[in-house]
Amino acid sequence: MAAAKVNVDHLRREMLLRGWDGGDLAYHSRVSPATVSHAMQGHPVSSTTIRKLVAALLRQPAIAGADALLA
């Protein structure tokens, strides 16, 4: 199983657009909070984990107008 680093800034932005913290992302992606923390620290995670994170983000659309709040 291949491992890769996620773009931490982009992941944080996507989480903010949904009003999620790391625990929310872990819950919705069905991975452990430690795994999300690991990814958010820039450590490599498995391709399976990346797929789960992306799928969770795609299932929950961004909050309308949230992008206007981000600097």
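I need every pair where a residue in region 16-36 that is more than 18 Å from D67 (Cβ to Cβ) has its Cβ under 8 Å from the Cβ of a residue that is of a type in the set (D, E), sequence separation at least 6 or different chains.
From region 16-36, no pairs qualify.
Which of the residues spanning region 47-71 are surrounded by 15 or more Cβ atoms within 10 Å (Cβ to Cβ) and under 15 Å from S32 (Cα atoms)?
Matches in region 47-71: T49, I50, K52, L53, A56.
Return the residues of region 26-56 that are over 12 Å from K5 (Cα atoms), aliphatic (A, V, I, L, M) and assigned to a helix (DSSP H, G or I); say none if nothing qualifies.
A26, A34, L53, V54, A55, A56 - these are the residues of region 26-56 that are over 12 Å from K5 (Cα atoms), aliphatic (A, V, I, L, M) and assigned to a helix (DSSP H, G or I).
Within the set of pairs 6 or more residues apart or between chains, which connect a residue that is touching a residue at least 24 places away in the same chain (Cβ under 8 Å) inside region 49-71 to a residue that is part of a loop (DSSP other than H, G, I, E, B) and surrounded by fewer than 14 Cβ atoms within 10 Å (Cβ to Cβ) with Cβ atoms less than 8 Å apart?
A56/R30; I63/G19; A66/G19
We did not get these values from a lab; they are worked out from the coordinates using the rules stated. Since this is a predicted model, take the numbers as computed values, not measurements. Glycine gets a Cβ as well: all are built from the backbone with ideal geometry, and neighbour counts include every protein chain shown.
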